[in-house]
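Bear in mind these aren't lab numbers, they're just calculated from the coordinates by the rules spelled out. Because the structure is predicted, anything quoted here is derived from the model rather than measured. Virtual Cβ from ideal backbone geometry, glycine too; neighbours counted across all protein chains shown.
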Amino acid sequence: MYLPVAKRLLRGIYEDVVANAKNMTENSNNRQIPEWLKNLQENSWELELLISGGAIFSLFKFSDFFIDWIVTWKMTTAFPGASIILLIGMIGIKILTLGFVIHLTLRAFWLALVCINYVYPNGINADKIRWKKPYQPKIENGMDLQKQITRVDQQCGTVIYMSIVSAFAIMGIALVFMFLIFIMKIFEGGEDFFSEWIFTVMFICFVIYLVDFICFGPFRKIPYLSYLFFPFFKLFDLISFRQLYQESLWLFNTNVKKIRFIISALVFALFSISLAYLSVHKVLHWPNLFDQREFRWKMADASYHNTGAYIYEDAYMDSWDENSSHRIGIDKKVQRNGLMELFIGYGRDYDEYIHQVTEIDSLKSFDKIWSVSVDDSLINGLKWMPTRKLNESNIGITTMIPITHLSNGLHKVTVYSINIRQENGEYGEENGYGFTIAFWVDRKN
C-alpha cells in the first residue's frame, strides 16, 4: 500500500528537480535531443541504483574467480607477465567496485536531499539561524536544495562514467601489455640488433602512450612529433579498443576542471591500487606493506627450529578443497603413524629445471628435480607417483616419507629443487625453489 504511494511521491519530486535542471540546460544549449534520450536521462536514477547494487555484488564474486583463473593460467602456461596482468586486472576490478560503491552512496544522498526538499517546500527559514561571527552562512529565506540536488546528480553521473571508462582503459592497457609480451616472445633468443631494436622502440612508445593518455594527449598536440608517434599510437588505440570511448573522453576532457579532476583521480586511484594490492599480495607472495607490526618475523625463538619461518596453513592438505591448494604440502600437521604424505604440484615454470637433469628425453621427469630432507637429513630412495588433486589443473607427484624413527615433538621437512642443493647435499639459497613445512609427531607408546 505504502510502496506505490512513496514511489509516486519520489517520482513527482524528481520531475520537479529535473524540470528546473532541464530549463537551465535548454537555455544554454539548443541541441535537438531525441525524446527517448530525454526520458532516459530524466529517469535513469532507478536503473542506476539497480545496476550499482548488482554490480557491487557481482564484482566481489568475480574478483575471487579472476585470481583463481590467473593463478591456474600461470601454473599451467608460465606465461611471462601473468603477475602484472593479475595486478592490472585487480586494479580494474577495484576501480569498478569502488566507483559503484561511491555512486550508490551519492545516489542515496541525492535521494535523501530530494525527500527533505519535498517535505519542507517553503525552504530555509533564515531568521531562525542565529550563527555569530565568524560563521556567516550565505542563505536567504525560502532558499531550497535544488542547486545541491542538481550538483549531486551530476556527480553521480561523473563517478559512474569515470569508473566504467577507467575499467575499459585499464583492460585496454592490459591488452597492449600482452601484445608487447607476445612480441617479446617472438624475438626471444634473437641476438641480432634488429630484434632488440624493434622491441625497445615499441616499449618506449608504449610508455609514452601511457603518459599521453593520463595527461590528456599532450604528445598528439606537438607538430611534426605527432607524425612520429602516429603509427604506434594508432596501433595501441586499435588493440586497446580506445575508439569505443574516445568521443566521450573528448566530451569529458573539454569540460572538466583539470586540477580538481586530477586531485580526485589521484585519490581514487590510490585507494583502488591499495585495495588491489591487498587482494593479490598473498597470491604473489609479496609482503604486506600496510602491516606495521615490528616483530611479525620474530614471533617465537624456536619457530621451525630457528629457521624464522611461519606455519602456513595451506601447506597442510587436510585444509585444501577443490578450489584451493598449494604447490607443496604434507597430509596433516600432526603425524600419528609411520608414513607422511608429501605432494609437489607441477607448474610450467619447472620445465627448465627438468631439462637440466639430462639430455636424454626418455630420462626426464618431474620427480628427478627434487630432494627432500627431514630435520636437515637428506632422505634417499623415495618413490614418487603421479597425482591429480581435486582441482583438475593441480597435478603433480606424491611420495610417502618414513618417519618411524622420529621422536615425538616438532620436526620440519624441507623440499628443494636441484638448483639450490649444494654439492655436499646441504640446503642452499641459490637459484631454484625451496620450501619448509613444520609438523609434529605424536604417537602413543
Which pairs in the list LYS364/LYS389; LYS332/LYS383; LYS368/LYS389; LYS332/LYS364; LYS147/LYS221 are over 25 Å apart, alpha-carbon to alpha-carbon? LYS332/LYS364; LYS147/LYS221
If each of ILE129 and THR200 carries a label point 7 Å out from its Cα toward its Cβ, how far apart are those two points in nm? 6.5 nm
Whole-Hz Karplus ³J(HN,Hα) for the range 242-253, in order, using 6.51 cos²θ - 1.76 cosθ + 1.60 and θ = phi - 60°, x for Gly and Pro? 5, 4, 5, 10, 5, 4, 5, 5, 4, 4, 6, 5
Partner lysines for LYS61 [C-alpha distance under 17 Å; skip if fewer than 8 residues away on the same chain]: LYS94
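Can you give the extra length, in nm with one decimal, that the chain gains between ILE239 and MET184 once fully stretched, where that is 0.36 nm per residue apart less the Cα-Cα distance?
Using 0.36 nm per residue and subtracting the Cα-Cα distance, I get 18.2 nm.
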Give me the extension gain from PHE57 to VAL283: residue separation times 0.36 nm, minus the current Cα-Cα distance, reported in nm with one decimal. 79.1 nm
First measure r as the distance between the Cβ atoms of LYS412 and SER274, then evaluate 1/(1 + (r/R0)^6) with R0 = 30 Å and state the FRET efficiency to the nearest 0.05. 0.30
Between ASP291 and TRP69, how many nm apart are label points set 7 Å from Cα along the C-beta direction? 2.9 nm
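Among the trypsin sites (Lys or Arg not before Pro) within the range 354-411, which fall in a DSSP loop and have no more than 10 other Cβ atoms within 10 Å of their own Cβ? Working shown, then result.
Numbers: sites: LYS364, LYS368, LYS383, ARG388, LYS389; in loops: LYS364, LYS383, LYS389.
Sparse-neighbourhood loop trypsin sites (Lys or Arg not before Pro): LYS383.
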Total charge of the residues flanking MET400 in space, meaning their Cβ is under 10 Å from its Cβ, with Lys and Arg +1 and Asp and Glu -1, is -1
Sparsely packed trypsin sites (Lys or Arg not before Pro) within the range 314-356, loop by DSSP, other Cβ within 10 Å at most 11: ARG336
Summing Lys, Arg as +1 and Asp, Glu as -1, what charge do residues with Cβ under 14 Å from the Cβ of ALA126 carry, ALA126 excluded? 0
If you add up the charges near TYR227, with Lys and Arg at +1 and Asp and Glu at -1, over every other residue whose beta carbon is less than 12 angstrom from its beta carbon, what do you get? +2
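For ILE222 and THR158, compute 0.36 nm times the residue count separating them, minus their Cα-Cα distance, and round to one decimal in nm.
Taking 0.36 nm per residue and subtracting the Cα distance, the gain is 20.1 nm.
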Hits among lysines - C-alpha to C-alpha of LYS185 under 20 Å, sequence gap 8 or more where chains match: LYS74
Which distance in nm do the two modelled labels at LEU339 and GLN146 give, with both placed 7 Å along the Cα-to-Cβ direction? 8.4 nm
Output ³J(HN,Hα) for the range 268-274: one whole-Hz value per residue in order, computed from phi by the Karplus curve 6.51 cos²θ - 1.76 cosθ + 1.60 with θ = phi - 60°, and x for Gly and Pro. 4, 5, 4, 5, 5, 5, 4
